[in-house]
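First the structure, in the form of structure tokens, and then the observations on it.
The values are calculated or read from the model by the stated rules, or taken from the named source; none is laboratory data. Bear in mind that the values here come from a model prediction, so they are computed numbers and not experimental data. Note: ideal-geometry Cβ built from the backbone for every residue, glycine included; neighbour counts use all protein chains shown. In case anyone asks, the SASA skips ligands and DNA or RNA and just uses the protein heavy atoms, side chains included. Shrake-Rupley method; radii C 1.70, N 1.55, O 1.52, S 1.80 Å.
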Amino acid sequence: MPDGHAPTIDPSHYTPPLSIAGQEIATPTRSDVIDPSSAAAFGTAPIATKADLDNAVSVAARAQKDWATKSWETRADLVRAFSDAVTADADVLAHLLSREQGKPLAKSKAEIMGAGFFMKGFADLRLDPHIYRDTEAQYVREERRPVGVVGGITAWNYPVLLGAWKIAPAVLTGNAVLLKPAPSTPLATLRLAQIADRIFPPGVVTVLTGDDDLGPWMTSHPGIGKISFTGSVATGQAIMANGASTLKRLTLELGGNDAAIVMPDFDVESGAEGLFWSALSNCGQVCAAAKRIFVPDALYDALAASFVKIAASVKIGPWDGEDVEMGPMQNPAQQAKVADLVARAKAEGADVLFQSDVPSTKGFYHPLVVFGDSRDDNPAVAEEQFGPIISLSRYSTLDDAIRRAYDDPHGLGASVWGTDIDAATDIAVQLEAGSVWINQHPSMGPEIPFGGVKASGIGVECGIKGLEEYTVPFVLNVKKG
């Protein structure tokens, strides 16, 4: 088995080729990749053509036929080897990730190690046949078979982790996978492809980078049997429409506007910081972040003061800055959306408790903003923020908080924060979301299914249920005698 080591590169100027089955493919055009901390290009990525996609699908389909014949143990061992190779390359991958995504280097390193942890966790799972009947008269067995060629499409907030969430389950269950990263964060994922080429048989894992045309080509391609997508609700709806003509199987992990309910017994002194960062991790660019925080009247002033104190201590700066806790927004379009949301929230009466300064250098920085006394119809509460904004809303009764938590089209996650775990659990089970956490937000694991309800998606990732999403059932039903 190859050692998995990708070639040495200069992550400050990275121009990787498109590669299909280990063969470099010349592309007529390339796109600049921008460092959000400086707004300057530091590398380029190939723009795949429709012909490149057709070629990659054909190669993947051929490779998948043989890959599916390998034993589960063989595939799991190669996923573990891929995990080891990825984490061994963490320094280079983290450097690339920070430069293209904007998050501080330590946070990027944590994402790489998290990707490795999840992939090993997936490899420890197994889909075994299920026997429904085994009698003298009848034998009925269900097994799970691979879809064939899977298309994975990832978002720009966690490109390596999300890539691992799609590559490992797809190949573990016997599929070949074509992975498309977001156009603004392609380079660390292309590095993953270089590593994968040295672990898996040619054509089993392919990374295609491109512009806004590549996604629709993939989601309507007749040779791709399933799409696993992480991103916005609007794009998820477009994927459903594009995939309808070929009846594609879909896993859609879409946006969230998660509610967090603070219980009357919440310990502000010990718990405020955890709640604060549950909203503002990764510069607030997290689908399952605590975006609507409901606080009882009696605790409101203390929690608001604590949040202002924490916010004032957060160091904002470039990904390689010393002790930086929060970087820039990933791209100028998202920066503009958040700036518009903040402007509208202020115009509609949201109380600004705190607004930070930002570095005076070029880059896609946005101030950290703490809103207080926010009405539910204020844009800072009613819309998914996906930026460095935290908003506190008062409530008088728990029934009122539950009702308002429900009053949103999304349903990805939610959380309840309090000292009495039984009381918090009683509230948690009344909330409408794919996952509800207590005294944390979010918390995930490779064995734990994760997905949304309502507008937040279809299907799940992770766990046995997540593996099943990459398969189709096959039932053998034998009449004896």
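Among residues of the range 455-481 that are modelled with pLDDT of 95 or more and among the charged types (D, E, K, R), those with a Cβ under 7 angstrom from a residue that is part of a helix (DSSP H, G or I) and surrounded by 14 or more Cβ atoms within 10 Å (Cβ to Cβ), sequence gap 6+ or separate chain, pair up as E461/W165. Within the range 147-159, residues that are assigned to a loop (DSSP other than H, G, I, E, B) sit with their Cβ atoms under 7 Å from residues that are open to solvent by less than 10 Å² (accessible area, probe 1.4 Å) and among the aromatic types (F, W, Y), at 6+ positions apart or across chains, in these pairs: V147/Y470.
For the range 419-443, filtering for residues that are under 29 Å from A164 (Cβ atoms), in contact (Cβ under 8 Å) with a residue 60 or more places away in the chain and either open to solvent by 30 Å² or more (accessible area, probe 1.4 Å) or among the hydrophobic types (A, V, I, L, M, F, W, C) (or both) leaves 5.
Considering R133, R99, which residue is among the basic types (K, R), within 23 Å of T206 (Cα to Cα) and touching a strand residue (DSSP E or B) at 6+ places or on another chain (Cβ under 9 Å)?
Exactly one of R133, R99 is among the basic types (K, R), within 23 Å of T206 (Cα to Cα) and touching a strand residue (DSSP E or B) at 6+ places or on another chain (Cβ under 9 Å), namely R99.
The listed residues are A339, A333, A380, and the only one of them that is without any contact (Cβ under 8 Å) to a residue 40 or more places away in the chain, out of contact with any Asp or Glu (no Cβ under 8 Å at 6 or more places or on another chain), open to solvent by less than 40 Å² (accessible area, probe 1.4 Å) and under 26 Å from A455 (Cα atoms) turns out to be A380. Close contacts from the range 268-286, counting a first residue that is within 19 Å of E111 (Cα to Cα) and a second that is open to solvent by less than 20 Å² (accessible area, probe 1.4 Å) and basic (K, R), with Cβ to Cβ under 9 Å and a gap of 6+ residues or different chains, come to A279/K291; N282/K103; C283/K103; G284/K291; Q285/K103.
For the range 85-108, residues that are in contact (Cβ under 8 Å) with a residue 60 or more places away in the chain, touching a Lys or Arg at 6+ places or on another chain (Cβ under 8 Å) and more than 22 Å from W277 (Cα to Cα) total 5. Does the range 459-466 contain any residue that is within 17 Å of the chain's Cα centre (by Cα), open to solvent by 10 Å² or more (accessible area, probe 1.4 Å) and β-branched (V, I, T)? Yes, the range 459-466 has at least one match. When the range 203-233 is filtered for residues that are touching a helix residue (DSSP H, G or I) at 6+ places or on another chain (Cβ under 7 Å), of a type in the set (G, A, S) and buried (at least 24 other Cβ atoms within 10 Å of the Cβ), the ones remaining, listed by number, are G203, S228.
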